[in-house]
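Derivation of every value follows stated rules applied to the coordinates shown; laboratory data play no part. This structure is a prediction, so every number in the text was calculated from the model and none was measured. Methodologically, a virtual Cβ is constructed for each residue, glycine included, from the backbone with ideal geometry; neighbour enumeration extends over all protein chains shown.
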Amino acid sequence: MSSHQQGKKQRSRADWILLFVGLVIGSAFGFWATPTILYAEKAQPLQFNHKLHLEQVSDSCKSCHTLREDGSFSGIPSVQSCKECHEAGSPMGDGANEAAFLEYIKKNQPIPWLVYSRQPDCVFFSHAAHTANAGLECAKCHGDHGETTKLRPYEYNRLTGYSRDIWGKGPIGLSGPPHRMKMDDCAKCHSENGVNRACFVCHK
Amino acid sequence: MVIDLDKCTGCGACSVACMSENNIGVLHNETDKIRSITWMRVYQIDNGKSFPDTEVAFIPRPCMHCQGGKSGTPGQAFFQEGPMDEEAHPPCVSVCPATATDYDEETGIVSQIPTRCIGCRYCVAACPYHARYFNWYDVPWPKGSPRALSPFVSPRMRGVVEKCTFCYQRYQAARNKAMVSGGEVGEMDYQTACTEACPSGAITFGQLQNPEHKVHKLISSDYTFRLLEQLHTNPKVYYMSKREWVRKMADNYVTRHNKFAQAATQSGH
């Protein structure tokens, strides 16, 4: 009998406000905490000024990030390409960063860059299809990366190990491209442009 | 793909080349053929006669990349589904609840995406050729050996299904090259690992509908047939043999007229 009476208890306005405020606070905390809990940060081995280099070269991004003759993409240039301009004995800048960089040059040792847009192993992405064939700008997917003066920390998912750039910056993916490289984003663009959407086009 | 059974010696080089190309591991117990994985498997048949009349033939069996559905004789088609008649309808694709496998109309290749596979094995049951394999175990890669794997093929994990992809990574590479050089993917730009490895040249690979490709001429021969043709799976792997008992044993009960009516509607490799 008493439980029946409790069930009929009227909710006051204050109760509803309290519930609403609680939800807002809870959500805010969740949105703030989730990325911090889920993603870990790593610093790049060296700093790199894309803007500065872009001003020096003649053929925009393609000057260093090239398509090879067999159609594969070179990705981040090797130390060998850096050596075309930089010499071991003659620093072009100053500071600890330049000194560390010249060590790599001297030893002819690859720089262990962390790749923001590294896709999972099951993904086949063809730069040739998107740039040489479809004529897309690099910025379409990579955003203003070429205009930055500093390399931001590399964030990766603690569970999967994948870069945060794949999932996107916004916790619910509101930021959209260029900071998102999920399968849905690929599929959306493919269907909008009438490109083949069969599994093997992007998977291996 | 056309495989000449009169040239095949059963050496198994195609199987080995396939395993090496596609990162297929060696399990603890490879004698357990129910659970071991061989995308390209060589079967042996004989004519059942005793010496000196015994004859043996070997049948290398990759995935058949069935087109199904698009039968030249819709009334008799096994996979007929009314308005779906005109669409490709491989037996494995239609049963997959996770869309982990699909039929690419452009290349005519049946895909398999292990990362999307939920391991229900419906497709394994549906495939009449036993071309699909389930990973019962994680591959016990010996220390250091993963460094020797091909980066162009993603290794599979325990609990998913895998199968022959006609070395699709080679098509991807050939297409990339064609895009950069501005040409087309030529017949010799895209060849599977088994084709290249076959020492007697029994396997021929190319586009079935391209008159300039060798396979196009070969499939119009009187001696070509396909496995389990009466199921109307419409496979893309053709076999050749001048020996009648081989053709009979391969279940070739479809009349020549119907066979070519079916083949005429086929696209891709």
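Things to note:
- Label positions at A:PHE20 and A:LYS83, each projected 7 Å from the Cα along the C-beta direction, are separated by 6.8 nm.
- Each Lys and Arg Cβ is given +1 and each Asp and Glu Cβ -1; about its Cα centre, chain B then shows a dipole of about 620 debye.
- With neighbours defined as other Cβ atoms within 10 Å of a residue's Cβ, the residues B:HIS130, A:HIS203, A:HIS130 order from fewest to most as B:HIS130, A:HIS130, A:HIS203.
- Prolate/oblate/rounded call for the protein assembly as shown, Cα gyration tensor, a/c under 1.5 rounded: oblate
- Net charge of Cβ neighbours under 13 Å - reference A:ALA40; Lys, Arg +1; Asp, Glu -1: +1
- Peptide B:171-178, shielding by other chains (average Cβ, 10 Å cutoff): 6
- Take each residue in B:98-111, count the other chain C-beta atoms within 10 Å of its C-beta, and the mean is 3.
- Counting every other Cβ atom within 10 Å of each residue's Cβ, B:THR31, A:THR149, B:THR107 order from fewest to most as B:THR31, A:THR149, B:THR107.
- Within a straight-line Cα-Cα reach of under 16 Å, A:LYS51 can be paired with the following lysines, leaving aside sequence neighbours fewer than 8 residues apart in one chain: A:LYS62, A:LYS150.
- Cα centroid separation, the range B:135-158 to the range B:48-62 (Å): 35
- Chain A: relative contact order as a whole-number percent, Cα under 8 Å and 6+ apart: 25
- Note: relative contact order over chain B, using C-alpha pairs below 8 Å and six or more positions apart, is 27 percent.
- DSSP assigns beta bridges within the range B:2-263; of those with both partners inside it, close to 75 percent run antiparallel.
- Gaussian network model of chain A, Cα within-10 Å springs - most flexible of A:ASP15, A:ASP144, A:ASP59: A:ASP15
- With at most 12 neighbouring Cβ atoms within 10 Å, loop trypsin sites (Lys or Arg not before Pro) (DSSP) excluded, longest segment of chain B: B:50-142
- Cβ distances below 4.7 Å define possible disulfide partners, and in chain B the cysteines left without one are B:CYS8, B:CYS11, B:CYS18, B:CYS66, B:CYS96, B:CYS117, B:CYS120, B:CYS127, B:CYS167, B:CYS198.
- Shape category assigned to the range B:2-263 from the gyration tensor of Cα positions, a/c cut at 1.5: rounded
- Residue with peak Gaussian network fluctuation, chain A [Cα springs, cutoff 10 Å], from A:ARG152, A:ARG11, A:ARG180: A:ARG11
- Only Lys, Arg (+1) and Asp, Glu (-1) charged, at Cβ; the range A:1-117 dipole about Cα centre in debye: 1060
- Length added when fully stretched, A:TYR39-A:ARG11, from 0.36 nm per residue minus Cα-Cα: 6.0 nm
- The residue list A:TYR116, A:THR36, A:ALA129 was ranked by how far each Cα lies along the charge dipole of the range A:1-148 toward its positive end, using unit charges on Cβ atoms, and A:THR36 comes out on top.
- Note on the range B:132-260: lysine pairs with Cα distance below 17 Å, sequence gap of 8 or more or different chains, count 7.
- A:SER163, A:SER78, A:SER27 arranged by Cβ crowding within 10 Å, fewest neighbours leading: A:SER27, A:SER78, A:SER163
- One Cα centroid belongs to the range A:179-204, the other to the range A:116-142; the line between them spans 11 Å.
- Average partner coverage of A:64-71, which counts Cβ from other chains inside 10 Å: 3
- Ordering B:GLY10, A:LEU151, B:PRO114 by the projection of their Cα atoms onto the charge dipole of the protein assembly as shown, which places +1 on the Cβ of Lys and Arg and -1 on the Cβ of Asp and Glu, puts B:PRO114 at the extreme positive end.
- The angle between the Cα long axis of helix A:183-192 and the longest principal axis of the Cα atoms of chain A comes to about 80 degrees, rounded to the nearest 10.
- Within chain A, helix-based [θ] at 222 nm, where runs of 4 or more DSSP H residues each add -39,500 (n - 2.57), nearest 500: -10000 deg cm²/dmol
- For chain A, built as a Gaussian network whose Cα springs stay under 10 Å, the top-fluctuating residue of A:ASN108, A:ASN97, A:ASN133: A:ASN133
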